[in-house]
């Protein structure tokens with residue numbers, strides 16, 4: 001059994017996929033648009049302006065799969081109560097990814113040393129997705 005986060009970008013999914021590819025090296029593994037839905041009739045499928053929006057996508061970051069969609073295409077994504085944790089291999093990588101995720105977003109806790117990590121910080125990216133970037137201390 002596996003569990004994967006599913007992010008609903010409400011109309012900005014393709015922009016988010018490009019952003020995550022550049023910011024953290026995400027690789028898109030699947031992308032289906034509303035116009036490609038063989039069952040036409042779901043949310044946004046009858047709306048001509050939404051036909052090129054993302055019905056479903058998946059992408060990998062460091063071996064973890066994240067799924068995403070444009071959802072109902074409302075233009076109002078909301079990511080409350082959940083953070084994605086990104087474990088970086090070293091401080092330089094953590095700093096680069098944290099800076100990239102913070103561009104246009106909001107730093108909630110600057111990247112710094114803690115009792116449990118050489119680098120740890122919290123940031124909400126420009127889409128409102130909350131991230132924790134960490135380089136854990138060796139056990």
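Please treat every number below as a calculation from the coordinates, not as lab data. Quantities reported herein were computed from a predicted structural model and do not represent experimental measurements. All Cβ positions, glycine included, derive from the backbone under ideal geometry; neighbour counts span all protein chains shown.
Helix-derived [θ] at 222 nm for the chain: sum -39500 (n - 2.57) over DSSP H runs of at least 4, divide by residue count, nearest 500? Before the final figure, lay out the partial values.
On the way: 2 runs with 24 residues, N = 139.
Computed mean residue ellipticity for the chain: -5500 deg cm²/dmol.
May I ask for the angle, rounded to the nearest 10°, between helix 13-24 and the longest principal axis of the chain, with both axes built from Cα atoms and the value confined to 0 to 90°?
Tilt relative to the chain: about 20 degrees.
Under the definition of Cα pairs under 8 Å and six or more residues apart, what whole-number percent is the relative contact order of the chain? Walk me through the numbers on the way to the answer.
Details: 280 pairs, mean separation 31.8, N = 139.
It rounds to 23 percent for the chain.
For the pair residue 96 and residue 32, how long in nm is the line joining their label points, each one 7 Å along Cα→Cβ?
Output for this residue pair reads 3.4 nm.
If r is the Cβ-Cβ distance from residue 18 to residue 115 and R0 is 22 Å, what FRET efficiency results, to the nearest 0.05? Each step should come with its number before you reach the end.
Details: r = 36 Å, r/R0 = 1.66.
So, using R0 = 22 Å, E works out to roughly 0.05.
What is the angle, in °, between the Cα long axis of helix 91-102 and the longest principal axis of the Cα atoms in the chain? Nearest 10 is fine, range 0 to 90.
Helix 91-102 sits roughly 40 degrees off the main axis of the chain.
Obtain the nm distance between the two label points defined at residue 64 and residue 51 by a simple spin-label model: each point lies 7 Å from its Cα along the Cα-to-C-beta direction.
Output for this residue pair reads 3.7 nm.
With a Förster radius of 25 Å, plug the Cβ-Cβ distance of residue 126 and residue 1 into 1/(1 + (r/R0)^6) and report the FRET value to the nearest 0.05. Show your work: numbers first, answer last.
Values: r = 33 Å, r/R0 = 1.31.
It comes to 0.15.
Could you pull the Rg and Dmax for the chain, using just the Cα atoms, both in Å?
According to the Cα coordinates of the chain, Rg and Dmax are 16.3, 54 Å.
Using only alpha-carbon positions, what ratio does the radius of gyration of the stretch 83-136 give when scaled by 2.2 N^0.38 Å? Please list the in-between numbers first.
Details: Rg = 9.8 Å, N = 54, 2.2 N^0.38 = 10.0 Å.
Its radius of gyration relative to the 2.2 N^0.38 Å reference: 0.98.
State the antiparallel share, in %, of DSSP beta bridges confined to the chain, rounding to the nearest 5.
Values: 22 of 30 bridges.
In the chain, approximately 75 percent of DSSP beta bridges are antiparallel ones.
Mind sorting 2, 27 by how few other Cβ atoms lie within 10 Å of their own Cβ, fewest first? Walk me through the intermediate numbers first.
On the way: 2 5, 27 12.
Fewest-to-most Cβ neighbours within 10 Å comes out as 2, 27.
Place a point 7 Å from the Cα of residue 72 along the Cα-to-Cβ direction; which residues of the stretch 115-130 have their backbone N under 18 Å from it?
none
Evaluate E = 1/(1 + (r/R0)^6) for residue 80 and residue 139, where r is the Cβ-Cβ distance and R0 equals 41 Å; express this FRET efficiency to the nearest 0.05.
On the way: r = 32 Å, r/R0 = 0.78.
E(calc), rounded to 0.05, equals 0.80.
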